[in-house]
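The values are calculated or read from the model by the stated rules, or taken from the named source; none is laboratory data. Computed from a predicted structure; not experimentally measured. Here the Cβ positions follow ideal geometry from the backbone for every residue, glycine too, while neighbour counts run over all protein chains shown. Only protein heavy atoms, including side chains, enter the accessible area calculation; ligands, DNA and RNA are left aside. Shrake-Rupley method; radii C 1.70, N 1.55, O 1.52, S 1.80 Å.
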Amino acid sequence: MGKAIEDYTLRESFAKIEEALQSDPQPIQGITTRYQFTITGSEEGIYQLNIQDGQAEVIEGDATPADCTLTMSVENFRQFLLGKLNGTVAFMSGKLKIK
């Protein structure tokens with residue numbers, strides 16, 4: 001039996017995001033952008049998701065300027081990945097900050 005998303009480390013979660021986007025690039029065709037996720041809380045990290053016309057790559061760190069930075073706690077990030085935290089609600093309630 002596989003791990004539940006709640007059991008993945010932050011690094012493993014971002015690896016799964018990269019894997020999912022690479023296996024089905026249709027939603028990111030024609031898009032070129034770099035998102036930075038600044039995760040806080042019990043497990044912290046900075047990850048960038050670089051999307052370039054159907055290709056996705058996750059890089060740990062903030063060496064390259066991002067087009068958009070999303071900041072949230074690791075707990076809220078996991079709830080967001082599970083679909084239990086709506087992005088609009090997270091933003092309006094201060095659980096997600098966007099710059």
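Check the range 62-81 and report whether any residue there is within 15 Å of the chain's Cα centre (by Cα), open to solvent by less than 50 Å² (accessible area, probe 1.4 Å) and at pLDDT below 95.
yes
Quick one: how many residues across the range 12-36 are in contact with a Phe, Trp or Tyr (Cβ under 8 Å, 6 or more places away or on another chain) and open to solvent by 70 Å² or more (accessible area, probe 1.4 Å)? So that I can check it myself, show each step before the final result.
Of all residues in the range 12-36, those in contact with a Phe, Trp or Tyr (Cβ under 8 Å, 6 or more places away or on another chain) come to 13-14, 16, 36.
Still in the running and open to solvent by 70 Å² or more (accessible area, probe 1.4 Å): 16.
Residues in the range 12-36 being in contact with a Phe, Trp or Tyr (Cβ under 8 Å, 6 or more places away or on another chain) and open to solvent by 70 Å² or more (accessible area, probe 1.4 Å): 1 in total.
Does any residue of the range 12-19 turn out to be small (Gly, Ala, Ser) and in contact with a helix residue (DSSP H, G or I) (Cβ under 9 Å, 6 or more places away or on another chain)?
yes
Which fully enclosed strands (runs of 3 or more DSSP E) of the range 37-99 have 2 or more residues being among the charged types (D, E, K, R) and closer than 24 Å to Ser23 by Cβ?
Once the strands (runs of 3 or more DSSP E) in the range 37-99 are filtered for at least 2 residues that are among the charged types (D, E, K, R) and closer than 24 Å to Ser23 by Cβ, what remains is 55-60.
If you check Gln55, Gln29, which single one turns out to be farther than 20 Å from Phe80 by Cα and either touching a Gly at 6+ places or on another chain (Cβ under 9 Å) or in contact (Cβ under 8 Å) with a residue 40 or more places away in the chain (or both)?
Testing whether each residue is farther than 20 Å from Phe80 by Cα and either touching a Gly at 6+ places or on another chain (Cβ under 9 Å) or in contact (Cβ under 8 Å) with a residue 40 or more places away in the chain (or both) leaves just Gln29.
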